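Participant: I have a structure I would like to understand better, so I am pasting it below and will then ask my questions one at a time.
The values are calculated or read from the model by the stated rules, or taken from the named source; none is laboratory data. In this text, all values refer to a predicted model and were calculated from it rather than measured experimentally. Glycine gets a Cβ as well: all are built from the backbone with ideal geometry, and neighbour counts include every protein chain shown. The area values use the complete protein model at the heavy-atom level, side chains included, leaving out ligands, DNA and RNA. Shrake-Rupley method; radii C 1.70, N 1.55, O 1.52, S 1.80 Å.
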Amino acid sequence: MADEKDQHDSPYFHPKPYGSGVTRRQFLAVAAAGAAAAAAAALSPLKDLTQIPTLRQFLQKHYTELTPEEKKEILGRISAEVREKYGVTPHLTAQPPLDGVQFAYALNMGRCIGCRKCVYACVNENNQSRDPQIHYISVLEMEKGAVNVETSNTDYEGQVPKKGHYYMPVQCHHCEKPPCTKVCPVKATWREPDGIVVVDYNWCIGCRYCAAACPYHARRFNFKEPYLPKEDLNPEMGYLSNRPRQVGVMEKCTFCLHRTRAGKYPACLEVCPTGSRKFGNLLDPDSEIAAIIRDKRVFILKQERGTIPRFYYFTDV
Amino acid sequence: MFNLFKFLRLSAAEVLDGDWRYYAWMSGLALLSLAGLNAYSVQLVHGLGTTGMSDHVSWGLYIANFTFLVGMAAAAVMMVIPVYVYHDEPLHDVVIFGELLAIASIVMCILFVSVDLGRPERVWHMAPPPLGKFNWPDSMLSWDVIVLNGYLFINAYVAGYLLYMKFLRKEPLKILYIPFVLLSIVWAVSIHTVTAFLYQGLAARPFWHSSIIAPRFLASAFTAGPAFIILTLQLIRKFTAYRIADAAMLRLRNVVQVAIAINLFLFASELFKELYIPDEHAVHMQYLMFGLHGHNGLVPWIWTALAIEAVAIALLMLPASRSMKWLNLACVFAVVGVWIEKGMGFIIPAFIPNPLGEIVEYLPTLNETLICVGVWAFGFFIYTAILKAAVPILTGRLRLGGVPYTAEAGMEPGGIPKPDFGAGFRPQGARWVDPGPPGR
């Protein structure tokens, strides 16, 4: 016990003279105060933090685990947020997948002229950020004689179609074996029963592992707070598709599920001036998409990646 | 329990005490950490748009540093195996510094992946059900979370237990730590394998989709880690009373020698496979090594890395590096070379060109760089603080019932008190041998 007494009387607990006559304890006290002040200064940019999630938002459950009441309440809350920010009352829905429906998309390579109308129709429909611009569709200008995307160009300008080139729009391929959903550490992205790969923007943690895993460069991340002018807001919106997004989360093409689950075509298809874009239910033998798969020369992009896309390319011949 | 508090309290007192150089070093690190915190606050407010990352290059310096540091953490195993499996004498007294480095490295790893998150407040979504939706076993990221935290726990426990026993001047009970030491060997390999799988499992990225990645990661880890530990040990024996024999350095030199050779061999193997008959997937390697269509942001970096690694391997193979001066130089080159090669040189080329053939280069922003500097500074801060408390425990000065040094008792050059040997310590030549070596 004598030893322990000594410990308490040890120089660790007593001031020790330093060169300038300042004791160690005084020095440490000043250092601690300085450190606290410096830490406060370091954190000062946080005063500009505008969007602090409420407790309710913070604790919101995964979309697939919400009860119908909770869903209703959340849709109400998001509608109110949209109304406040954009001055428009949205028609926000959370349509479930339809039974007996497997959606698929087909693109006629012989007809596409690379006009990029689909790119911008998609942006208008899906309330993407206008600054920075987020596009779900990339239109590749390919050199004739190659199906190699490495020799393609997305930055082409001027009149289209250009001689010696053909055009290949690429968007989310809604794979049957999507690598993006497999790698997500929190199951914030998954494949719905009708084949549409979706993201829960309120569950995504923003690690961007899915973007690294996607062979089609289909995923888009909100690196900045999305900017959407009030007059550009599309008030017809779905929870899993085109409701306004937040900074720090992933988004992507959803086959316009707020439209397609209500029996309409995706926006990119409707706007296409050449009729290159076809969409429908694979399980319906009378559908256009089923006829294309049956009768046309169809191929898929990057078949060797084993993703089994639901997005097909075909030619008329 | 009272003793444990005393252990913690006296260790904390030890961390707060030091000469002006110690205070200057720690204050400098604290300032850099705060600069990083400041930059992170800016990123929290404005989003990851404050970085140089884009949808094309969606991972950058954060993930590059994370990858490198997982290797640093795993490297402790290169000391644990010789000591606990082969009962290697020279490394015996220094193995604990590897375990302590692992702790600091994992803390940095966790910080680097955290600052990379777009919505850090949602990390609780990673909790297992029913709370979160942890995607285990599908997502390799979920495996990484498990193995990294497990490795942190194992090393903190083993090092903490051994230091505490040393503090109490008790013989550590083998049953209480040897199983964890053996587990740590497998676990160390697992953390770096899982981290490699995180990349090499992605068929979308041909640059990563290669079965050589996990072996390459281990080889580069066992190059940079032990090289870094050599440098740490040099500083410990320069600035503290803890005596470390040259034999320990030379044994680690052997490890680095072999590892760097394997690392460069594996890199060369991959280089050959990509470039001998370049197919469309060779573009990433071409971008890295020679530039692609006029874009060559990484070319100077990778050639610098290879050049200094070449100097490092030459020095390590020559007898010259038996002298500590040349060994230190070789180690600095090995660490920096691997940091470039498996950090930026591994993460970024996988995204350039992107899967649709577009070339968008990546240049980190100042804010992003400051965050990286801040995390590194914080890691060094933690490592220094841990060493500050661990060294006097290992020398036997800081112990239960010991007589702490006083100003009157005299200080060694550099403000380091002369170690006070308790009963059972016997000086042997220039080296002090402690009575209860851990691990025996």
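Participant: Would you mind telling me the share, in percent, of accessible area of chain A contributed by carbon and sulfur at probe 1.4 angstrom?
Facilitator: Solvent-exposed carbon and sulfur of chain A make up 56 percent of the total.
Participant: Counting only pairs 8 or more residues apart or on different chains, how many lysine pairs in chain B have their Cα atoms under 15 Å apart?
Facilitator: Qualifying lysine pairs in chain B: 6.
Participant: So, one more: For a paramagnetic label modelled at 7 Å from the Cα of A:His91 toward its Cβ, which residues of region A:194-238 fall within the zone defined by backbone nitrogen distances under 11 Å?
Facilitator: Residues passing the 11 Å test: A:235-237.
Participant: Express the Stokes-Einstein translational diffusion coefficient of region B:276-345 in µm² s⁻¹, to the nearest whole number, given a Kirkwood radius over alpha-carbon pairs, 4 °C and a viscosity of 1.567 mPa s. Walk me through the numbers before you get to the answer.
Facilitator: Details: Rh = 13.2 Å.
Once the numbers are plugged in, D ends up at 98 µm²/s.
Participant: In degrees from 0 to 90, rounded to the nearest 10, what is the angle of the helix B:61-74 Cα long axis to the longest principal axis of chain B?
Facilitator: On a 0 to 90 degree scale, this one is about 40.
Participant: Hey, another quick one. How big a patch of accessible area, both sides summed and in Å² to the nearest 100, lies buried between A and B at a 1.4 Å probe? Please report the intermediate quantities before stating the final value.
Facilitator: On the way: alone 17790 and 19810 Å², together 31360 Å².
The summed interface area works out to 6200 Å².
Participant: Which cross-chain or sequence-distant (5 or more) residues have an amide H under 5 Å from the amide H of A:Arg243, H modelled 1.01 Å from N in plane?
Facilitator: A:Gly238
Participant: List the residues whose amide H sits under 5 Å from the amide H of B:Gly118, counting only those 5 or more places along or on another chain, with H placed 1.01 Å from N in the peptide plane.
Facilitator: HN-HN under 5 Å from B:Gly118: A:Gly206, A:Cys207.
Participant: Note down the net charge around B:Met285, summing +1 for each Lys or Arg and -1 for each Asp or Glu among other residues with Cβ under 14 Å from its Cβ. The partial results should precede the final answer.
Facilitator: Numbers: positive: B:Arg205, B:Arg216, B:Lys273; negative: A:Glu150, B:Glu270, B:Glu274, B:Asp279, B:Glu280, B:Glu341.
Surrounding charge for B:Met285 is -3.
Participant: Also, quick follow-up: At 1.4 Å probe size, what's the solvent-accessible area of B:Leu275? Round to the nearest 10 Å².
Facilitator: For B:Leu275, solvent-accessible area is about 50 Å².
Participant: Here's another thing I want to ask about it. Determine the relative contact order of region B:58-143: mean sequence separation of Cα pairs under 8 Å and six or more apart, normalised by residue count, in whole percent.
Facilitator: 29 percent
Participant: Excluding same-chain residues fewer than 8 positions from A:Lys182, which aspartates and glutamates have a Cα within less than 13 Å of its Cα?
Facilitator: B:Asp138
Participant: I would also like to ask the following. Could you give each residue of region B:334-349 its phi-based ³J(HN,Hα) in whole Hz, using Karplus coefficients 6.51, -1.76, 1.60 with θ = phi - 60°, and x for Gly or Pro?
Facilitator: For region B:334-349, the Karplus curve yields 5, 5, 5, x, 5, 4, 6, 5, 9, x, 4, x, 10, 6, 6, x Hz.
Participant: Per residue of A:246-253, count partner chain C-beta atoms within 10 Å of its C-beta, then hand back the mean as an integer. All intermediate terms of the calculation are to be shown ahead of the outcome.
Facilitator: Details: counts 3, 7, 10, 3, 3, 0, 0, 0.
Mean number of neighbouring Cβ atoms from other chains: 3.
Participant: Moving to a separate point now. Length gain on complete extension for the stretch A:Thr64 to A:Ala35, per 0.36 nm per residue less the alpha carbon to alpha carbon distance? Could the numbers behind the result be given before it?
Facilitator: Numbers: separation 29, 0.36 × 29 = 10.44 nm, distance 4.56 nm.
Extra length available between A:Thr64 and A:Ala35 comes to 5.9 nm.
Participant: On to the next question. Which value, in debye to the nearest 20, gives the size of the charge dipole of the protein assembly as shown about its Cα centre, when Lys and Arg are +1 and Asp and Glu are -1 at the Cβ?
Facilitator: In total the dipole reaches around 800 debye.
Participant: For the protein assembly as shown, rounded, prolate or oblate, judged on the Cα gyration tensor with a ≥ b ≥ c (square roots of eigenvalues), a/c < 1.5 rounded, else prolate if a/b > b/c?
Facilitator: Prolate shape, in that a/c is at least 1.5 and a/b is the bigger ratio.
Participant: What's the average, rounded to a whole number, of partner chain beta-carbon atoms within 10 Å of each residue's beta-carbon in A:81-93?
Facilitator: 0
Participant: Can you find, among A:His165, A:Tyr201, A:Thr254, the residue farthest towards the positive end of the dipole of region A:103-315? Put +1 on the C-beta of Lys and Arg, -1 on that of Asp and Glu.
Facilitator: A:His165
Participant: Could you pull out every whole DSSP H run in chain A that spans at least 15 Å of Cα extent along its own axis and averages -1.0 or higher on the Kyte-Doolittle scale? Display every interim value, and only then the final one.
Facilitator: Working: long enough: A:24-42 (26 Å, 1.03); A:68-86 (26 Å, -1.24).
What comes out of the filter, once short or polar helices are dropped, is A:24-42.
Participant: Rank these by accessible area, largest first, 1.4 Å probe: B:Leu363, B:Leu141, B:Leu182. Show your work: numbers first, answer last.
Facilitator: On the way: B:Leu363 135, B:Leu141 30, B:Leu182 85 Å².
So, going from the largest accessible area down, we get B:Leu363, B:Leu182, B:Leu141.
Participant: Please give, to one decimal in nm, the separation of the simple spin-label points placed at A:Tyr227 and A:Lys47, each 7 Å out from Cα toward the Cβ.
Facilitator: Going from the A:Tyr227 label point to the A:Lys47 one covers 2.4 nm.
Participant: Right, something else. Can you pull the one-decimal nm distance between simple spin-label points at B:Ala320 and A:Asp155, each 7 Å off the Cα toward Cβ?
Facilitator: 4.5 nm
Participant: Next question. Report the gain in length on full extension from B:Ala247 to B:Ala310: 0.36 nm times residue separation, minus Cα-Cα distance, nm rounded to one decimal. It would help to have the intermediate numbers written out before the result.
Facilitator: On the way: separation 63, 0.36 × 63 = 22.68 nm, distance 2.45 nm.
Result for the pair: 20.2 nm of gain on full extension.
Participant: What does the charge add up to near A:Ala106, with Lys and Arg as +1, Asp and Glu as -1, over the other residues with Cβ less than 9 Å from its Cβ?
Facilitator: That works out to +2.
Participant: Checking the cross-link filter: which lysines have an alpha carbon closer than 17 Å to that of A:Lys264, excluding same-chain neighbours under 8 positions apart?
Facilitator: A:Lys278
Participant: Give the relative contact order (percent, whole number) for region A:103-315; include only Cα pairs under 8 Å separated by 6+ residues.
Facilitator: Contact order relative to length: 31 percent.
Participant: Something else about it: Could you pull the accessible area for A:Cys112 with a 1.4 Å probe, rounded to 10 Å²?
Facilitator: Using a 1.4 Å probe on the heavy atoms, I get roughly 20 Å².
Participant: Still on this model: Using heavy-atom solvent-accessible surface (probe 1.4 Å) with all chains present, what is the largest-first order of B:Ile308, A:Ile113?
Facilitator: These residues rank, largest area first, as A:Ile113, B:Ile308.
Participant: Could I ask something else about it? Mean-square fluctuation check for chain A, GNM, Cα pairs under 10 Å: which of A:Asn148, A:Asn234, A:Asn281 is largest?
Facilitator: Among A:Asn148, A:Asn234, A:Asn281, the largest mean-square fluctuation in the Gaussian network model of chain A belongs to A:Asn148.
Participant: Further question on the same structure: Other chains near B:45-58: what is the mean number of their Cβ atoms within 10 Å of each residue's Cβ?
Facilitator: Mean partner-chain Cβ count within 10 Å for B:45-58: 6.
Participant: Quick one: accessible area per residue over region B:107-215, 1.4 Å probe, rounded to a whole number of Å²?
Facilitator: 40 Å²
Participant: Report, to the nearest 10°, how far helix B:95-115 tilts away from the longest principal axis of the Cα atoms in chain B, using its own Cα long axis and a range of 0 to 90°.
Facilitator: Tilt of helix B:95-115: around 40 degrees.
Participant: Next question, about the same structure. Normalised by the number of residues in region B:2-433, what is the relative contact order in percent for Cα pairs under 8 Å and 6+ residues apart?
Facilitator: 28 percent
Participant: Provide the three semi-axes, in whole Å and in decreasing order, of the ellipsoid equivalent to chain A as defined by the square roots of 5 times the Cα gyration tensor eigenvalues.
Facilitator: 53, 24, 21
Participant: Moving to a separate point now. Between B:Trp136 and B:Tyr23, what's the calculated FRET efficiency when r is the beta-carbon distance and R0 is 35 Å? Round to 0.05.
Facilitator: 0.20
Participant: Using a simple charge model, +1 on the beta-carbon of Lys and Arg, -1 on the beta-carbon of Asp and Glu, nothing else, what dipole does region A:103-315 show about its Cα centre, in debye to the nearest 20?
Facilitator: The dipole of region A:103-315 has a size of about 300 debye.
Participant: Going by amide H atoms built from the backbone, whose H comes under 5 Å of the H on A:Arg130, apart from near neighbours?
Facilitator: Excluding prolines and chain starts, which carry no amide H, the hits are A:Tyr227, A:Leu228.
Participant: Once R0 is set to 56 Å, what does the formula 1/(1 + (r/R0)^6) return for the Cβ-Cβ distance between B:Leu173 and A:Asn148, expressed as a FRET efficiency to the nearest 0.05? If you can, show how the numbers build up before the last one.
Facilitator: Working: r = 64 Å, r/R0 = 1.14.
E(calc), rounded to 0.05, equals 0.30.
Participant: Further question on the same structure: Send over a whole-number figure in Å² for the accessible area per residue of chain A, probe 1.4 Å.
Facilitator: Each residue of chain A exposes 46 Å² on average to a 1.4 Å probe.
Participant: Here is a further query. To the nearest 20 debye, what is the magnitude of the charge dipole of region A:177-293 about its Cα centre, counting +1 on the Cβ of each Lys and Arg and -1 on the Cβ of each Asp and Glu?
Facilitator: 500 debye
Participant: Given the protein chains as shown and a 1.4 Å probe, how many square angstrom of A:Lys187 are accessible, to the nearest 10?
Facilitator: Here the accessible area works out near 80 Å².
Participant: Here is a follow-up. Which one of A:Thr181, B:Pro90, A:Asn234 has its Cα pushed farthest toward the positive end of the charge dipole of the protein assembly as shown, where Lys and Arg give +1 and Asp and Glu give -1 at the Cβ?
Facilitator: Value computed over the given set: B:Pro90.
Participant: What order do A:Leu140, B:Leu168 take when sorted by accessible area (1.4 Å probe), most exposed first? Display every interim value, and only then the final one.
Facilitator: On the way: A:Leu140 0, B:Leu168 25 Å².
My answer, sorted largest first, is B:Leu168, A:Leu140.
Participant: Give the separation of the Cα centroids, region A:75-151 to region A:213-264, in Å.
Facilitator: Using only Cα atoms to place each centre, the spacing works out to 7 Å.
Participant: Hey, another quick one. Once Lys and Arg get +1 and Asp and Glu get -1 on their Cβ, which of B:Gly297, B:Val375, B:Phe7 lies farthest toward the positive end of the dipole of chain B?
Facilitator: B:Phe7
Participant: By average Cβ neighbour count within 10 Å, what is the ranking of B:29-40, A:282-293 from highest down?
Facilitator: Going by the mean number of other Cβ atoms within 10 Å, highest first, we get B:29-40, A:282-293.
Participant: Now, a different point. Give, as a single signed number, the net charge of other residues whose beta carbon lies under 14 Å from the beta carbon of A:Gln95, with Lys and Arg counted +1 and Asp and Glu -1.
Facilitator: Values: positive: A:Lys71, A:Lys72, A:Arg243, A:Arg259, A:Arg261, A:Lys264; negative: A:Asp99, A:Glu192, A:Asp194, A:Glu236.
Around A:Gln95, the charge tally is +2.
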